[in-house]
Every structure is written in structure tokens, then in C-alpha cells.
Amino acid sequence: TNRTFTMIKPDAVEDGHIGAILEKITASGFRIVALKLTQMTVADAQEFYAVHSERPFYGELVEFMSRGPIVAAILEKENAVEDFRTLIGATNPADAAEGTIRKMYAKSVGENAVHGSDSDENAAIEGAFHFSGREMF
Ligand code: ATP
């Protein structure tokens, strides 16, 4: 098995979808290794998304991701990174497959309800950004 990292983003938390999204994740075979409600500061969001710092949407992304609480989680499953990205669907909900989390809960390409790591390496980096060893089970 391997691990991925996810965030339920501020839009989906504001809209009351934490329970439904966690239910869909666990029903899809992911084990929750770490879980918390937290909020990123502007500086946290700038660092977390530093890879996108040259993109035109960077400022908007940082403002969005720091505007309210998120749910951060580490998830375990065979083929976790790829299977989780399949479960969440395309970045833009207009392109996301029927039944995916973004199809169900995302509002736009920016406010798209959930994050999913894009590689095993980034899953480890992103998980360590949010959780200490004592918070992982
Ligand atoms: P994530 O990394 O959140 O799982 P992703 O890998 O599907 O998303 P990326 O292209 O890495 O998408 O973009 C990271 C995030 O930046 C997106 O999830 C979205 O919140 C935001 N974003 C991407 N494209 C745009 C855009 N054109 N306008 C506004 N925000 C965007």
C-alpha cells in the first residue's frame, strides 16, 4: 500500500460537505492515516503552492486556500495517488467525470473542493507539511 495527501478546501468546508466527502473517500477503500481541521495562513499557502508561483492564478489560489478552515488528511490504499486522483476527477469540474468528488462538489477550476497529491514524492512532502509523526496512524 502507499499514501496520498488530501485537503478538503475552504469552499467545500464552508458548504458543509466534510462528512459527505470523507464518507465517499472511506467507502472507496482509503484508510485515514491522519486527519484534522486546520487553516493555512497566507504564508503557509504561498509555501504549499510555491510550485505554482509563476502561474497567473497564484495570488487567487493563495487567497482562496487561506480564507477559511480546511480538512487535511493522509490516506492509505494500494495505488493511492493515482486512485485518489481518479476519485476526485479533473481539476475543472466542467471536465470531471460523473460521480467524482469534483463533479459533485466543486464550483469552478479554482474553487474545486479537494486537493490530491500528484506523486508519491509530493504526497510525502505535503503530508509532512501538515502533520507531525505523532499525528499519523
Ligand atoms: P490539486 O493540486 O489541488 O489537486 P490539480 O493538480 O488538479 O489540483 P493544478 O493544475 O496542480 O491542479 O492546480 C492546483 C490548484 O490551483 C487547482 O486545484 C485549483 O485550485 C487552482 N487552479 C488551477 N488552475 C486554475 C485556474 N485556471 N484558475 C484558478 N485557479 C486554478
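The values are calculated or read from the model by the stated rules, or taken from the named source; none is laboratory data. Being a predicted model, the structure only gives us computed values, none of them experimental. Don't worry about glycine lacking a Cβ; one is built from the backbone with ideal geometry, like all the others, and counts go over all protein chains shown.
Mind checking which pairs have a first residue in the stretch 103-115 that is of a type in the set (Ser, Thr, Tyr) and a second that is more than 7 Å from the ligand (Cβ to nearest atom) and in a loop (DSSP other than H, G, I, E, B), Cβ under 9 Å, 6 or more apart or different chains? Sorted first by the residue in the stretch 103-115, then by its partner, the pairs are Tyr105/Asp15; Tyr105/His17; Tyr105/Ala113; Ser108/Asn92. Would the stretch 98-105 turn up any residue that is surrounded by fewer than 21 Cβ atoms within 10 Å (Cβ to Cβ) and part of a helix (DSSP H, G or I)? For the stretch 98-105, residues surrounded by fewer than 21 Cβ atoms within 10 Å (Cβ to Cβ) and part of a helix (DSSP H, G or I): present.
A quick yes/no check of all residues on (1) more than 12 Å from the chain's Cα centre (by Cα); (2) at pLDDT 95 or above; (3) surrounded by fewer than 20 Cβ atoms within 10 Å (Cβ to Cβ):
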residue: Ile8; (1), (2), (3): no, yes, no
residue: Ala20; (1), (2), (3): yes, yes, yes
residue: Ala43; (1), (2), (3): yes, yes, yes
residue: Gln46; (1), (2), (3): yes, yes, yes
residue: Phe64; (1), (2), (3): yes, yes, yes
residue: Arg85; (1), (2), (3): no, yes, yes
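Within the stretch 23-43, identify whether any single residue is in contact with a Phe, Trp or Tyr (Cβ under 9 Å, 6 or more places away or on another chain), aromatic (Phe, Trp, Tyr) and within 14 Å of the ligand (Cβ to nearest atom), and answer yes or no. So far as the stretch 23-43 goes, no, none of its residues is in contact with a Phe, Trp or Tyr (Cβ under 9 Å, 6 or more places away or on another chain), aromatic (Phe, Trp, Tyr) and within 14 Å of the ligand (Cβ to nearest atom).
Only one of the listed residues (Ala73, Ala96) is hydrophobic (A, V, I, L, M, F, W, C), under 14 Å from the mean Cα position of the chain (by Cα) and more than 9 Å from the ligand (Cβ to nearest atom). That residue is Ala73.
Tell me which strands (runs of 3 or more DSSP E) are completely within the stretch 1-87 and hold 1 or more residues being free of Cβ contacts under 8 Å to residues at least 60 places away in the same chain, or say none if there are none. Working first, answer last.
Numbers: elements: 2-8, 31-38, 70-77.
Those strands (runs of 3 or more DSSP E) span 31-38.
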